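Asks: Below: one structure in structure tokens.
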Amino acid sequence: MLELHQVDQQQNGYHNLDSFQEKFERLMSHVSSVVVISDDNLKLALLGLFAQGHLLLEDLPGVGKTLLAKTISTALDGVFSRIQFTPDLLPSDITGTSIFNLRDQTFEYVPGPIFANVVVADELNRAGPRTQSALLEAMAEGQVSADGKVRLLPRPFFTIATQNLVETHGTFPLPNSQLDRFLVSMELGLPTPDQEMEILNRWEQGLLQPPPVLTPQEVASMQDTTRTVAVAHSVKQYIVNLTAASRQQSQFALGVSPRGSAAMLRACQAWAAFDGRDFVVPEDVQYLAPSLWGHRVQVSRDADMGSGRQAVVELLRSVPIPL
């Protein structure tokens, strides 16, 4: 009976992965019909959603960061909000505040824009540290503490934050505690000539506004499906070896945190599900590490490396791959 139960579980897992892939491909097609983006970059962007994490888009102005964020949000038939971060933005502008009701002579809590399925935090680094910190609890725990009460955020809850790398005047660097909450940090990069021609063609005809293709309930179910992907002990040990090395090697002033290793595990499960696999392989770790850990580490001043991503690439070369 136990063996039959295990077989049934495996068959259900395969069925769930088949359904997962069908819905995921539908979402990929939806976003690609609006945004000109490579499949790899789009998968990385969606990784934050299905691994129950958050996405940080860092790039030059005008490369489509906000368009990508808005298109992902409109693909889901849920609640969407966009917060334009400015120096005068207050934490209560994000989380909500209590307003006095003259008729009832009581205070009523009015939820802020953080209470949504997809929240676009546009130019996050333009707000002060106090306002940035209003996102910490929401991103880490899916809840907001306000007026002495804990209020749960809807599921799924996905934050897509953007910041322009070349505009530093009037900005506040994101602290490590904030960066560590983002599952994926990525750059879209400049388009190729063919891609830019496609962008012009789409703008000439007017951008499409296709209807939503997934419900929040379907996304939550797909998030649960990724958790069923198996991770072998050798792969977990590989993640542990990499994080331990990052805390010991001289090129790192700050290595990967335990939250970073847990994020890698979740991300690899989702990445394998994207590929239709019910198991994780070491190559998943290698491919995702620069995007998942590059923004979490700090490079030593003495190290001859320009970014955390480069340091992570060197880290991958120094730690043996499990056979």
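Derivation of every value follows stated rules applied to the coordinates shown; laboratory data play no part. Keep in mind it's a predicted model, so treat the numbers as computed, not measured. Virtual Cβ from ideal backbone geometry, glycine too; neighbours counted across all protein chains shown.
Asks: Within region 103-118, restricting attention to residues that are buried (at least 19 other Cβ atoms within 10 Å of the Cβ) and touching a helix residue (DSSP H, G or I) at 6+ places or on another chain (Cβ under 8 Å), which residue is nearest to residue 174 (Cα to Cα)?
Replies: 114
Asks: Still on this structure, please answer the following. For the condition in a strand (DSSP E or B), closer than 30 Å to residue 165 by Cβ and among the small types (Gly, Ala, Ser), what is the one hit in 81, 73?
Replies: 81
Asks: Another question, if that's okay. Go through region 276-288 and report how many residues are assigned to a helix (DSSP H, G or I) and either under 14 Å from the mean Cα position of the chain (by Cα) or surrounded by fewer than 21 Cβ atoms within 10 Å (Cβ to Cβ) (or both). First the steps, then the outcome.
Replies: From region 276-288, those assigned to a helix (DSSP H, G or I) are 282-288; that's our starting set.
Going one step further and asking which of them are either under 14 Å from the mean Cα position of the chain (by Cα) or surrounded by fewer than 21 Cβ atoms within 10 Å (Cβ to Cβ) (or both), we end up with 282-283, 286-288.
The qualifying residues number 5.
Asks: Further, regarding this structure: Tell me which residues, restricted to region 214-237, are aliphatic (A, V, I, L, M) and part of a helix (DSSP H, G or I).
Replies: Start the filter on region 214-237 by keeping residues that are aliphatic (A, V, I, L, M), which leaves 214, 219-220, 222, 229-232, 235.
219, 220, 222, 235, listed by residue number.
Asks: Given region 125-213, what helices (runs of 4 or more DSSP H) lie entirely inside it while holding 3 or more residues that are closer than 28 Å to residue 287 by Cα?
Replies: Numbers: elements: 129-132, 136-141, 176-179, 193-205.
Once the helices (runs of 4 or more DSSP H) in region 125-213 are filtered for at least 3 residues that are closer than 28 Å to residue 287 by Cα, what remains is 136-141, 176-179, 193-205.
Asks: For the condition of a type outside the set (S, T, N, Q), loosely packed, with under 14 Cβ neighbours inside 10 Å and not in a strand (DSSP E or B), what is the one hit in 93, 88?
Replies: Details: 93 fails: loosely packed, with under 14 Cβ neighbours inside 10 Å.
On inspection, the qualifying residue turns out to be 88.
Asks: A further question on this structure: Restricting attention to region 240-275, report how many residues are crowded, with 23+ Cβ neighbours inside 10 Å and touching a strand residue (DSSP E or B) at 6+ places or on another chain (Cβ under 7 Å).
Replies: 1
Asks: Hey, another quick one. Considering only region 46-69, state which residues are in a helix (DSSP H, G or I) and farther than 18 Å from residue 155 by Cα. Even if it seems obvious, please write down each step before you answer.
Replies: Narrowing region 46-69 to residues in a helix (DSSP H, G or I): 46-50, 65-69.
Listed by number, the residues that qualify are 65, 66, 67, 68.
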